[in-house]
Structure formats: C-alpha cells, structure tokens
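The values are calculated or read from the model by the stated rules, or taken from the named source; none is laboratory data. None of the values given here were measured: they were computed from a predicted structure. Ideal geometry is used to build each Cβ from the backbone, glycine not excepted, and the neighbour counts take in all protein chains shown.
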Amino acid sequence: DRTAHAERLLATRAGKAYDLDFLAGCTMYTSAEPCAMCSGAIYWAGIGRVVFGLSERQMKQLTGDHVENPTLDLPCHIVFAAGQRPTEVVGPMLAEEAAKLHEEYWSRR
C-alpha cells in the first residue's frame, strides 16, 4: 500500500483514539517532512504540531527518481496554511542525521 506512510497511519490511529482538544496539544515527530497526503491526514486528525528532520525538498534530492518514493516537492506548511485551524511546523531539524538514516534505507531498496 503506497499510501501507508507512517505519518498517515499514526494520524489515522490518533484521530480514532483521541478527541480534537487533546490532539491539538500533541506533537508528531518524524524523520522527514510529511508529504502532502500525510499533511492532510495530520490536519484532519487535528494534531497541533509537527517537528521533522529532513525537508521534503532534501528528501527529493536524496531519493531522486526512485520508483518507490516519487516525492512531491510541496512543503507541509503550505498544506497546513490552507486549513482553518493552526498546525505548527518546526523543521528541518537535525537534517544531516535524518539524511543518513534515509540514505541507508533507500540505498537498500
């Protein structure tokens, strides 16, 4: 399932398990910036803050045209800005460390 990104799966589970008031105070930490699909799921779940390591642009540079990761160069803050409730975005942070993790992963794929 190409839509089974970790961020989307977590947002779906959180949205089922917790109410919006609770989730507004929650932070999702992820090694890479959420893609547009995941950003939408995070927004609809009501998670109030996202902290990420590697930017979507950096991920695209890292994976190139890898068939399993056709990265959209669409920053999550743009997706969140189109919404009616705020979602705080912090990142990129520790981008070099996050890049190493993804380089190792994608080199084995």
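When Ala41, Ala99 are checked against the criterion of being more than 19 Å from Ala4 (Cα to Cα), in a helix (DSSP H, G or I), in contact (Cβ under 8 Å) with a residue 12 or more places away in the chain and within 16 Å of the chain's Cα centre (by Cα), a single residue qualifies: Ala99.
Out of Glu56, Glu33, one residue alone is in contact (Cβ under 8 Å) with a residue 40 or more places away in the chain, under 11 Å from the mean Cα position of the chain (by Cα) and within 20 Å of Glu96 (Cα to Cα). It is Glu33. Can you tell me which residues in the stretch 76-91 are assigned to a loop (DSSP other than H, G, I, E, B) and farther than 9 Å from Ser39 by Cβ? Scanning the stretch 76-91 gives Ala82, Gly83, Gln84, Arg85, Pro86, Gly91.
Quick grid of which residues meet (1) of a type in the set (Val, Ile, Thr); (2) surrounded by 22 or more Cβ atoms within 10 Å (Cβ to Cβ); (3) at pLDDT below 95:
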{"site": "His5", "(1), (2), (3)": "no, no, yes"}
{"site": "Arg8", "(1), (2), (3)": "no, no, no"}
{"site": "Leu20", "(1), (2), (3)": "no, no, no"}
{"site": "Cys26", "(1), (2), (3)": "no, no, no"}
{"site": "Tyr29", "(1), (2), (3)": "no, no, no"}
{"site": "Pro34", "(1), (2), (3)": "no, yes, no"}
{"site": "Cys38", "(1), (2), (3)": "no, yes, no"}
{"site": "Val51", "(1), (2), (3)": "yes, no, no"}
{"site": "Ser55", "(1), (2), (3)": "no, no, yes"}
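The numbered conditions (1) in contact with a helix residue (DSSP H, G or I) (Cβ under 6 Å, 6 or more places away or on another chain); (2) part of a helix (DSSP H, G or I) are all true for Thr12 except (1).
Scanning the stretch 59-80 for residues that are loosely packed, with under 15 Cβ neighbours inside 10 Å, touching a residue at least 12 places away in the same chain (Cβ under 8 Å) and closer than 15 Å to Tyr105 by Cα returns His66, Glu68.
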